[in-house]
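The values are calculated or read from the model by the stated rules, or taken from the named source; none is laboratory data. The model shown is predicted, which means the values in this text are computed figures rather than measured ones. Cβ atoms come from the backbone with ideal geometry, glycine included; neighbour counts cover every protein chain shown. Please note that ligands, DNA and RNA were not included when accessible areas were found on the heavy atoms of the full protein model with its side chains. Shrake-Rupley method; radii C 1.70, N 1.55, O 1.52, S 1.80 Å.
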Amino acid sequence: MGSMEEKLDNQLVILYASQTGNAMDAAERLGREAERRGCPAVSVLSIDEFQPSDLPNKETVVFVVSTTGQGDNPDSMKGFWRFLLQKNLTREWLKGVQYAVFGLGDSSYQKYNFVAKKLDKRLSDLGAIAIIERGLGDDQHPSGYEGALDPWMSALWNMLYQKNCKLLPHGSDLKYLEMQIERARSMTPGKFSGKNRPDCFLKMTMNHQLSRADSGKDVRHFEFEAVSSVHPRDEEDHTFLNRYLFPVKLKSFVELTMDVASASPRRYFFEVMSFFATAEHEKERLQYFASPEGRDDLYQYNQKERRTVLEVLEDFPSVQMPFEWLVQLVPPLKTRAFSISSSHSAHPNQVHLTVNVVSWTTPYKRKRAGLCSSWLASLDPQHGVLVPAWFNKGSLPPPPPSLPLILIGPGTGCAPFRGFVEERALQSKSTPTAPIIFFFGCRNEKDDFLYRDFWLSHSKNNEVLSEDKGGGFYVAFSRDQPKKVYVQHKMREQSMKIWSLLSEGAAVYVAGSANKMPCDVLSAFEDIVCAESGVSRETALRWIRALEKAGKYHVEAWS
């Protein structure tokens, strides 16, 4: 029994629940930092690789969890969470277990870091003791989630060292010279335990620019055919794409598996670089960047300017990092998520996407382009390039034909609703369907009125968006008049119609930019409920929250 207790006391278990890979990156960084501090046994696992019934047998567990959609668990965490909610688990089930929770979220969402908050509460309710207060990483922070992770991690090591110095024999606050390179070489390499195998390969059949060529924006309509394996099931409304090629020249391996050309390296990358720098001035600068004192300057140099791994290596030419270290430290090339903008029933064996080709200028006037979107835009359908695709369930469940819909989708937020309208138009030929009203927004009617002919054709002649059917199509052109007009303004103009549909049990779907739009739309709904029902704003907000709990208010937003 004594050896079991000793084993538990000196083991650190780090569990992550990741949807896009960020929580995994953070967890692996925690694992590396624990190894640096001499932790005798560190396990970094995806939460679906861990048996939740073993939790009472662990002394120290750190959770790194992301929040997806409207406060949803990542797919890998759903089974674990169901287990924790079992009614037969007592308030002493986790007695003697100490834990810490770090969450990754986006404060522009209503349920910011909801998964981390509810996990923290449930672990406490089951008798576990928090080592430190939960940490909440925010995508809206200038440094991303690392803005909260760095100080939280420092506090975690301090508390763990105070509680059990054997767990971190090298101390909680290492100096850089104490990190020996041979020790560094033996650290656990990164691994990805996610879903690597594509669901199918897609062949592009159309690459069409929706926005006007000289408008300053480049929005594309892509069409693909599935050439192998499965097509998305009805409930799967996201596709994840990646560049892909088989075999296996070293150059191709780097280009197609390692994100050297778009991702900014993490702070730990600079620290490891310092040990392979042969020029003293470069070594000193790298050590400074990796230190707490240099964090702000590192942000200005790295994150704010969005420097890539290749550019950083070019700026420090004396660094001769072994390839096996690059493989460990360079972020893996991740899939990119896009909402499917077509109906599977209307277009069997096809996937349509509506993609904004991302480009921007950095503070130092350097041109940047989105890796995946610009690559897709460059493809010629005649060349038959195969693109691997993964299909995931999104935040916007497909509605039954009898459900009235209020859709708000400015810009490329219209993508999923194009599929909704196609589906309902097909359903209306064989069964009665409920009305749809759709609020679309863009800058200018001439420049970026995406799918103009599609929406207008479905809003006439008794089609699914027509007022004859109880529906409607309303457009806000924000820059076509002196005073800007957005979707929330058009919503208020249709206050009575919206309230009528809500009273009939309509569901609300919102998609688009995560900046201000979701909050502005929610505020418009509050105004409408207040005005049309005569209740207070507080009551109106409670009414909308009840709509959300009933599964009738859905938001899918992206930064």
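Filter the stretch 346-373 down to the residues that are part of a loop (DSSP other than H, G, I, E, B) and either open to solvent by 50 Å² or more (accessible area, probe 1.4 Å) or basic (Lys, Arg) (or both) and list them by number.
If the condition is that a residue be part of a loop (DSSP other than H, G, I, E, B) and either open to solvent by 50 Å² or more (accessible area, probe 1.4 Å) or basic (Lys, Arg) (or both), then Pro348, Asn349, Val358, Pro363, Tyr364, Lys365, Arg366 are the ones that fit.
Test Phe50 against the criterion of being under 21 Å from Tyr145 (Cβ atoms), of a type in the set (Phe, Trp, Tyr) and touching a strand residue (DSSP E or B) at 6+ places or on another chain (Cβ under 9 Å), and give yes or no. Here the answer is no, as Phe50 does not meet what is asked. Checking the structure you have, find out if any residue of the stretch 428-439 is under 25 Å from the mean Cα position of the chain (by Cα) and β-branched (Val, Ile, Thr). There is no residue in the stretch 428-439 that is under 25 Å from the mean Cα position of the chain (by Cα) and β-branched (Val, Ile, Thr).
In the stretch 308-326, of all residues being of a type in the set (Val, Ile, Thr) and out of contact with any strand residue (DSSP E or B) (no Cβ under 7 Å at 6 or more places or on another chain), the one that is nearest to His281 (Cα to Cα) corresponds to Val312. Selection of the stretch 315-336 for residues being open to solvent by 20 Å² or more (accessible area, probe 1.4 Å), assigned to a helix (DSSP H, G or I) and out of contact with any Phe, Trp or Tyr (no Cβ under 7 Å at 6 or more places or on another chain) yields Asp315, Phe323, Glu324, Leu326, Val327, Gln328. Close contacts from the stretch 504-518, counting a first residue that is farther than 14 Å from Tyr553 by Cα and a second that is part of a helix (DSSP H, G or I) and modelled with pLDDT under 95, with Cβ to Cβ under 9 Å and a gap of 6+ residues or different chains, come to Gly512/Pro518.
Within the stretch 275-302, residues that are more than 17 Å from Met321 (Cα to Cα) and in a helix (DSSP H, G or I) sit with their Cβ atoms under 7 Å from residues that are at pLDDT below 90 and open to solvent by 70 Å² or more (accessible area, probe 1.4 Å), at 6+ positions apart or across chains, in these pairs: Tyr299/Pro142. Looking only at the stretch 361-372, decide whether some residue is under 24 Å from the mean Cα position of the chain (by Cα) and within 26 Å of Val555 (Cβ to Cβ). Yes: one or more hits. For the stretch 126-137, a tally of residues being touching a strand residue (DSSP E or B) at 6+ places or on another chain (Cβ under 8 Å) and either modelled with pLDDT under 90 or more than 15 Å from Asp25 (Cα to Cα) (or both) returns 8.
Quick one: Glu467 ticks every box in (1) more than 24 Å from the chain's Cα centre (by Cα); (2) open to solvent by less than 80 Å² (accessible area, probe 1.4 Å) except a single one, so which number is it? (2) is the only condition that Glu467 fails. Screening Val319, Val355 for residues that are closer than 21 Å to Thr278 by Cβ and touching a residue at least 24 places away in the same chain (Cβ under 8 Å) leaves exactly one candidate, Val319. Identify, from the list Val319, Val351, the residue that is of a type in the set (Val, Ile, Thr) and either closer than 24 Å to Gln140 by Cβ or more than 27 Å from the chain's Cα centre (by Cα) (or both). Just one listed residue meets the conditions, Val319. Can you tell me which residue in the stretch 227-253 is modelled with the lowest pLDDT, limited to those that are surrounded by fewer than 19 Cβ atoms within 10 Å (Cβ to Cβ) and aliphatic (A, V, I, L, M)? In this case the residue turns out to be Leu245. Residues in the stretch 254-274 that are assigned to a helix (DSSP H, G or I) and either modelled with pLDDT of 85 or more or surrounded by fewer than 20 Cβ atoms within 10 Å (Cβ to Cβ) (or both): Val254, Glu255, Leu256, Thr257, Tyr268, Phe269, Phe270, Glu271, Val272, Met273, Ser274. Counting only helices (runs of 4 or more DSSP H) that sit wholly inside the stretch 475-559, those with at least 3 residues that are surrounded by fewer than 17 Cβ atoms within 10 Å (Cβ to Cβ) are 495-503, 517-533, 537-549. Residue pairs whose Cβ atoms lie under 7 Å apart, sitting 6 or more positions apart in sequence or on different chains, and linking a residue in the stretch 15-27 that is more than 12 Å from Ile47 (Cα to Cα) and hydroxyl-bearing (Ser, Thr, Tyr) to a partner that is modelled with pLDDT under 95 and not in a strand (DSSP E or B), are Thr20/Lys334.
Restricting the stretch 473-487 to residues that are aliphatic (A, V, I, L, M) and in contact with a Phe, Trp or Tyr (Cβ under 6 Å, 6 or more places away or on another chain), the residue that is nearest to Leu456 (Cα to Cα) is Val475. Among residues that are surrounded by 16 or more Cβ atoms within 10 Å (Cβ to Cβ) and either more than 19 Å from Asp150 (Cα to Cα) or of a type in the set (A, V, I, L, M, F, W, C) (or both), Ala130 is not included. For the stretch 453-464, a tally of residues being farther than 15 Å from Cys414 by Cβ and open to solvent by 70 Å² or more (accessible area, probe 1.4 Å) returns 3.
Mind telling me which of the residues Ala148, Ala116 ends up being modelled with pLDDT under 95, assigned to a helix (DSSP H, G or I) and touching a strand residue (DSSP E or B) at 6+ places or on another chain (Cβ under 8 Å)?
Details: Ala116 fails: modelled with pLDDT under 95.
One residue alone meets the criteria, Ala148.
Can you work out which of the residues in the stretch 374-415 that are free of Cβ contacts under 8 Å to residues at least 40 places away in the same chain and either in contact with a Cys (Cβ under 9 Å, 6 or more places away or on another chain) or not in a loop (DSSP other than H, G, I, E, B) (or both) is most open to solvent (accessible area, probe 1.4 Å)? Let's see the steps before the verdict.
Residues of the stretch 374-415 free of Cβ contacts under 8 Å to residues at least 40 places away in the same chain: 374, 378, 382-383, 400-402.
The next check asks that each one be either in contact with a Cys (Cβ under 9 Å, 6 or more places away or on another chain) or not in a loop (DSSP other than H, G, I, E, B) (or both); those that pass are 374, 378, 382-383.
Values: Ser374: 42, Ser378: 84, Gln382: 158, His383: 136 Å².
Within the stretch 374-415, the match that is most open to solvent (accessible area, probe 1.4 Å) is Gln382.
Scanning the stretch 33-73 for residues being in a helix (DSSP H, G or I), open to solvent by 40 Å² or more (accessible area, probe 1.4 Å) and over 30 Å from Pro397 (Cβ atoms) gives a total of 4.
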